[in-house]
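Heads up, the thing below is written out as structure tokens.
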């Protein structure tokens, strides 16, 4: 029997919670360490399933990965060999797709299984493959494997067909050691893309345009070792901010970069959530009785993050009127809505990309299940708000993206217990 959470709702939350390193940044930066045979130190790693799984994949290829502190690793990729890759671990995490760009910088030929990840809809890597082909990579897809052969990579102007974070990162990883000038138009600008770029520049890469939708890369022959500290996780921050917004009490969410959440804060203000921003923290107050309905649509950064849409829904169940959530990217993002409806939420799925939330509605505890990382976080927030006991099953998905979320909530006063198999 898988692990589950048992949560008694309605408890007062008080205190300080410190945000961990950003999982989506950490994965890309671990792969960046493969681009040199010199020592790389990566600090502030989140100890979550996706990152620990990626570390095991690196080790399986002969990479030396040693923890020198609780969240700090020393990496030496001098003996990297993709033929030794543990293929069974690749489908367990979406981050593994970034190995493509990392390996292209050092090897002419290799193969990799289809990557895994959340069950939130069709997530093809067509954009990745088309971009890498333009750099000069031959790619074949056979028997659940991608086969890559890089004969004469050369910098090109590449226009991405979507603002894909991982496609942008893959192209950056492949291009930094590719001869010539690579221009990425339609590049993603998210914090994790910027963090990867900052690390690559420390290693000697020549990159301009980070944080914009056009990135310029001039290829270099060699990269060096470096030290890099992963940026704090804006999605974990958003989750705890939402938890503070729907419960009695006042909490401080510490170790954040507020500008990474600008549009999220704008929406919370529009809804009527009581919060106060500081230089690297935000304080969130008691659940307001006068929350207002609103419309929230996911957009590429600096727009509203798609991963914070599920986090916002429990707040909107307590807002008066009809709210609209629109996620144009993933057609199965709303799988968690059925679970919220079991708790008493009045939600209508209009189509695979849009949903209406009618409030204000009381929520009550029931037995529910998590489909993906952010869906699981949404259900935890709803359970903290709900009256009575909620049982959340399938919490492995939550553990993939949140480091000991139950322990952090317990320290704030939440009544949440992990029941292990």
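Quick look at the numbers
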| item | result |
| --- | --- |
| Residue 307 being in the same structural domain as residue 239 (by TED's automatic domain parsing) and in a loop (DSSP other than H, G, I, E, B) | no |
| Counted residues, the range 140-164 - those being over 28 Å from the mean Cα position of the chain (by Cα), in a strand (DSSP E or B) and at pLDDT 95 or above | 1 |
| Options 348, 339: the member that is more than 23 Å from residue 234 (Cβ to Cβ) and crowded, with 21+ Cβ neighbours inside 10 Å | 339 |
| Answer from 334, 356 - the residue that is out of contact with any helix residue (DSSP H, G or I) (no Cβ under 8 Å at 6 or more places or on another chain) and assigned to a helix (DSSP H, G or I) | 334 |
| In the range 306-345, the residues that are touching a strand residue (DSSP E or B) at 6+ places or on another chain (Cβ under 7 Å) and within 13 Å of residue 264 (Cβ to Cβ) | 306, 309, 312 |
| Members of the range 286-323 that are surrounded by fewer than 18 Cβ atoms within 10 Å (Cβ to Cβ), at negative phi, free of Cβ contacts under 8 Å to residues at least 60 places away in the same chain and over 26 Å from the mean Cα position of the chain (by Cα) | 286, 288, 289, 290, 292, 320, 322 |
| Residue match in the range 102-112 (condition: surrounded by 23 or more Cβ atoms within 10 Å (Cβ to Cβ), under 17 Å from residue 28 (Cβ atoms) and touching a strand residue (DSSP E or B) at 6+ places or on another chain (Cβ under 6 Å)) | yes |
| Unmet requirement for residue 33, which otherwise passes all of (1) more than 15 Å from residue 112 (Cα to Cα); (2) in a helix (DSSP H, G or I); (3) under 17 Å from the mean Cα position of the chain (by Cα) | (3) |
| Residue among 96, 25, 60, 20 that is under 25 Å from residue 136 (Cα atoms) and in contact (Cβ under 8 Å) with a residue 12 or more places away in the chain | 96 |
| Leading residue by the ranking (farthest from residue 232 (Cα to Cα)) among those in the range 176-201 that are part of a helix (DSSP H, G or I) and in contact with a helix residue (DSSP H, G or I) (Cβ under 7 Å, 6 or more places away or on another chain) | 200 |
| Qualifying residue in the range 69-92 (condition: more than 30 Å from residue 43 (Cβ to Cβ), assigned to a strand (DSSP E or B) and in the same structural domain as residue 223 (by TED's automatic domain parsing)) | no |
| Residue selected from the range 258-285 under the condition without any contact (Cβ under 8 Å) to a residue 24 or more places away in the chain and part of a helix (DSSP H, G or I), by the criterion surrounded by the most Cβ atoms within 10 Å (Cβ to Cβ) | 265 |
| Condition check for residue 197: surrounded by fewer than 22 Cβ atoms within 10 Å (Cβ to Cβ) and either at pLDDT 95 or above or within 22 Å of residue 36 (Cα to Cα) (or both) | no |
| Identity of the residue in the range 109-124, within 19 Å of residue 87 (Cβ to Cβ), assigned to a loop (DSSP other than H, G, I, E, B) and in contact with a helix residue (DSSP H, G or I) (Cβ under 6 Å, 6 or more places away or on another chain), that ends up modelled with the lowest pLDDT | 117 |
| Hey, residue 165 surrounded by 19 or more Cβ atoms within 10 Å (Cβ to Cβ), farther than 23 Å from residue 262 by Cα and not assigned by TED's automatic domain parsing to the domain that holds residue 258 or not | no |
| Restricting the range 202-220 to residues that are in contact with a helix residue (DSSP H, G or I) (Cβ under 8 Å, 6 or more places away or on another chain) and over 21 Å from residue 75 (Cα atoms), the residue that is surrounded by the fewest Cβ atoms within 10 Å (Cβ to Cβ) | 211 |
| Residues of the range 202-214 satisfying the condition of being more than 16 Å from residue 165 (Cβ to Cβ), touching a strand residue (DSSP E or B) at 6+ places or on another chain (Cβ under 9 Å) and assigned to a loop (DSSP other than H, G, I, E, B) | 203, 205 |
| Residue 52 being in a helix (DSSP H, G or I), closer than 21 Å to residue 205 by Cβ and either without any contact (Cβ under 8 Å) to a residue 12 or more places away in the chain or assigned by TED's automatic domain parsing to the domain that holds residue 107 (or both) | no |
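Per-residue answers, yes or no, for (1) in contact with a strand residue (DSSP E or B) (Cβ under 6 Å, 6 or more places away or on another chain); (2) within 16 Å of residue 244 (Cβ to Cβ); (3) at pLDDT 95 or above:
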| position | (1), (2), (3) |
| --- | --- |
| 374 | no, no, no |
| 383 | yes, yes, yes |
| 389 | yes, no, yes |
| 392 | yes, no, yes |
| 414 | no, yes, yes |
| 420 | no, no, no |
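Every residue, every condition in (1) over 22 Å from residue 158 (Cβ atoms); (2) in a helix (DSSP H, G or I); (3) not assigned by TED's automatic domain parsing to the domain that holds residue 39, yes or no:
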{"site": "224", "(1), (2), (3)": "yes, no, no"}
{"site": "241", "(1), (2), (3)": "yes, yes, yes"}
{"site": "248", "(1), (2), (3)": "yes, no, yes"}
{"site": "252", "(1), (2), (3)": "yes, no, yes"}
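The values are calculated or read from the model by the stated rules, or taken from the named source; none is laboratory data. It should be emphasised that the depicted structure is a prediction, and the values quoted were computed from it without experimental measurement. We place every Cβ from the backbone using ideal geometry, glycine too, and count neighbours over all the protein chains shown.
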